[in-house]
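Everything below concerns the one structure shown next.
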Amino acid sequence: MRKIYLVKKDPELPADGNNWIVMSGHEFAMFMQTPEGKQRKNNFGQLDACTMDDVIIVAECGVDTAKRWRSEKDKQDHSKKLKDDSGIEIYSYEALDKIDQELTGEEWLVDTGCNVEAEVQQKMQIEELYKAVELLDEADRLLISSLYLSKKVMTAVEFGKAHGFSPQLIQYYKRRALSRLKKILEN
């Protein structure tokens with residue numbers, strides 16, 4: 001990628017077509033070694049190329065503009081590095097105004113990991129399950145709640161020990177309770 005350097009003939013005059021000296025990298029380096037170049041070193045900012053074939057332009061633009069350009073370039077470089085390293089892409093909220101006045105952040109920044117419809121369906125199924133459990137008799141409800149729905153679920157062996165039943169009997173009761181629950185949910 002090629003770089004060109006635009007140096008003002010007279011730094012006090014505006015930047016127009018007649019006030020530029022176009023320099024190569026070597027010429028610019030030599031200019032920067034001069035007292036005048038050293039005095040003007042903070043006045044240069046880099047405009048990035050749009051494509052790989054474009055030329056990068058370093059232009060004398062004034063201290064404030066050069067700082068702004070450097071800051072923008074640092075942000076772009078950081079965003080590119082983050083995307084390259086982790087796959088995360090950063091979007092600025094300021095870009096929303098520049099892209100399309102009609103878009104909001106929700107349309108522009110889509111969360112592909114979130115499926116609202118699936119989450120709502122899952123919550124409805126869970127509610128339906130809890131209602132069905134309430135229709136079971138007390139013994140089946142206690143067993144299903146203890147094995148599957150409580151904050152601290154128990155194993156069949158733990159439930160059997162806590163209630164004085166053998167693990168085989170708990171397995172039988174569990175299958176029977178699940179079968180009854182399935183019938184309720186199918187109706």
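The values are calculated or read from the model by the stated rules, or taken from the named source; none is laboratory data. Here the structure is a predicted model, which is why all the values come from computation and not from measurement. Because the Cβ atoms are built from the backbone with ideal geometry, glycine has one as well, and the counts that use them run over all protein chains shown. Ligands, DNA and RNA are stripped out before the accessible areas are found, and what is left, the full protein with its side chains, is counted by its heavy atoms. Shrake-Rupley method; radii C 1.70, N 1.55, O 1.52, S 1.80 Å.
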Which one, (1) 34.9, 99; (2) 15.4, 44; (3) 20.2, 78, gives Rg and Dmax of the Cα atoms in Å as derived from the coordinates shown?
(1)
Mean-square fluctuation maximum in Gaussian network of the chain, Cα pairs under 10 Å, restricted to 31, 165, 44, hits 165
Past the 27 Å Cα-Cα mark, which pairs from 8/67; 9/81; 38/80?
9/81; 38/80
Read phi for every residue in the stretch 175-182 and hand back ³J(HN,Hα) as whole Hz from Karplus 6.51 cos²θ - 1.76 cosθ + 1.60, θ = phi - 60°, with x for Gly and Pro.
4, 5, 5, 5, 5, 5, 5, 4
Candidates 88, 56, 170, ranked by Gaussian network fluctuation over the chain, Cα under 10 Å, top entry:
170
Just name one of 147, 59, 78: the one whose Cα is farthest towards the positive end of the charge dipole of the chain (beta-carbon charges, Lys/Arg +1, Asp/Glu -1).
147
For the stretch 130-187, what is the charge dipole size about the Cα centre, in debye to the nearest 20, if Lys and Arg each add +1 at the Cβ and Asp and Glu each add -1 at the Cβ?
140
With springs connecting C-alpha atoms under 10 Å apart, model the chain as a Gaussian network and identify which of 150, 71, 24 has the largest mean-square fluctuation.
150
How large is the charge dipole for the chain, taken about the Cα centre, if only the Cβ atoms of Lys, Arg (+1) and Asp, Glu (-1) carry charge, to the nearest 20 debye?
1160
Which shape class applies to the stretch 139-187: rounded if a/c is under 1.5, otherwise prolate when a/b exceeds b/c and oblate if not, where a ≥ b ≥ c are the square roots of the Cα gyration tensor eigenvalues?
oblate
Could you pull the accessible area for residue 173 with a 1.4 Å probe, rounded to 10 Å²?
70
Lysines with Cα under 29 Å of residue 152, excluding same-chain neighbours fewer than 8 positions away:
123, 131, 161, 174, 182, 183
Looking at the square roots a ≥ b ≥ c of the eigenvalues of the Cα gyration tensor of the stretch 108-169, which shape do they give, rounded for a/c under 1.5, prolate if a/b is larger than b/c, or oblate?
prolate
How large is ³J(HN,Hα), in whole Hz, for each residue of the stretch 29-45 in order, when computed from phi with the Karplus curve 6.51 cos²θ - 1.76 cosθ + 1.60 and θ = phi - 60°, using x for Gly and Pro?
4, 5, 4, 5, 7, 6, x, 5, x, 5, 5, 9, 4, 7, 8, 9, x
Electrostatic dipole magnitude of the stretch 29-90 [Cβ: Lys, Arg +1; Asp, Glu -1; Cα centre; debye, to 20]:
340
Put +1 on the Cβ of every Lys and Arg and -1 on every Asp and Glu Cβ in the chain; which of 6, 26, 124 then has its Cα farthest towards the positive end of the dipole?
124
Could you order 80, 161 so the one with the most accessible surface comes first? Probe is 1.4 Å.
161, 80
